[in-house]
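Enquirer: One structure follows; several queries about it will come next.
No lab work stands behind these numbers, since they all come straight from the coordinates. Predicted model, so just to flag it, every value in this text is computed and none were measured. Ideal geometry is used to build each Cβ from the backbone, glycine not excepted, and the neighbour counts take in all protein chains shown.
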Amino acid sequence: MGILDGKSVLITGAASGIGRATALEAHAEGAALLLSDVDADQGEALAAEIAGAGGTATFRPCDVTDEGQVEALVSRAREDGGLDGALNCAGILGTVGLTGDTSFDDWRRILDVDLNGVFLCTKHEVRAMLGNGGGSIVNMASAAGLIGWAGAPGYVAAKHGVVGLTKAAAVEYAAEGIRVNAMCPSYTETPMVSDLFDNLLGGDPEAPKAALANHPIGRFARPQEIAAACVWLLSDKASFVTGTAMSVDGGYTAP
């Protein structure tokens, strides 16, 4: 018996990385899934993989910066049997550069996806859960939502915003049975982090070494480790947890 048995869960950014790992973990714990991403090919493949393993999973593409698409996605979740939980995981790293070198267009794009997208999802998920007896929302933040990272002003600002949004929504809707928490991982073995090291940082072999040195645990996270924490927050095992920014970071933010 899984900790998400009988629950319907929506996951954005589900096609790869932490979103994909959480979809697989949620399936293993008994959830019926509605998966979403801008990458329709990988999203459809994941839904088919889960369905082939005996699970319930459907896919619907969605650009989380478009409120109409987000509203339609959440409406689909309600039509498919309600919305008990949601992981808002869609996000981008964007560009790497100092604040003085960051263009306004790049800044706006990062905040549009990483903060405004989470706001739109949370807004419509809350509305759906208010008519469904409550639920659990997990917003993907980052260790960068708790501390500063040089060279990523837009990403840091967006993730700090996600933490603030999460705390506000948690206070607003706790009495309605809706829990809202933020997940704050550090470097995780995902395509986004690979792209950071291989492309955005120019393939500098010292970059991953420097990042690794800041993890007391001595390694980066596996996506499955972050997924396990997300699924726990989505479940009734975390029934007294709301408004938290949970660090799953191997000690990255501990010093």
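Enquirer: Would you mind counting up the charge near R20? Only other residues with Cβ under 11 Å from its Cβ, with Lys and Arg at +1 and Asp and Glu at -1. Can you show the working numbers first?
Expert: Details: positive: none; negative: E25, D37, D39, E49.
Charge balance in the 11 Å sphere: -4.
Enquirer: Shape verdict for the range 27-81, please, from the Cα gyration tensor: rounded (a/c under 1.5), prolate (a/b greater than b/c) or oblate.
Expert: Verdict is oblate for the range 27-81.
Enquirer: A follow-up question, please. Taking a ≥ b ≥ c as the square roots of the eigenvalues of the Cα gyration tensor of the range 105-255, is the shape rounded (a/c under 1.5), prolate (a/b larger than b/c) or oblate? Please report the intermediate quantities before stating the final value.
Expert: On the way: a/c = 2.41, a/b = 1.64, b/c = 1.47.
It comes out prolate by the Cα gyration axes.
Enquirer: Non-local amide H neighbours of A90 (under 5 Å, H modeled in plane, Pro and chain starts lacking H): which ones?
Expert: The list, which skips near neighbours in sequence, is T12, G13.
Enquirer: Which pairs break 21 Å Cα to Cα here: K123/K159; K123/K167; K123/K237?
Expert: The pairs that break the limit, which is 21 Å between Cα atoms, are K123/K237.
Enquirer: Still on this structure: For the range 241-246, what does the Karplus curve 6.51 cos²θ - 1.76 cosθ + 1.60, with θ = phi - 60°, yield as ³J(HN,Hα) per residue in whole Hz, taken in order and with x for Gly and Pro?
Expert: Couplings: 10, 8, x, 9, 10, 7 Hz.
Enquirer: Can you pull out the GluC sites (Glu not before Pro) in the range 1-86 whose DSSP state is coil and whose Cβ has at most 15 other Cβ atoms within 10 Å?
Expert: Those that pass, being in a loop and sparsely packed, number zero.
Enquirer: Okay, moving on. Would you please calculate the Kirkwood hydrodynamic radius of the range 152-191 over all C-alpha pairs and express it in Å, rounded to one decimal?
Expert: 11.6 Å is the Kirkwood radius here.
Enquirer: Name the long-range amide H neighbours of S136: under 5 Å, sequence gap of 5 or more, or other chain; modelled H, no Pro or chain starts.
Expert: G85, A86, R179
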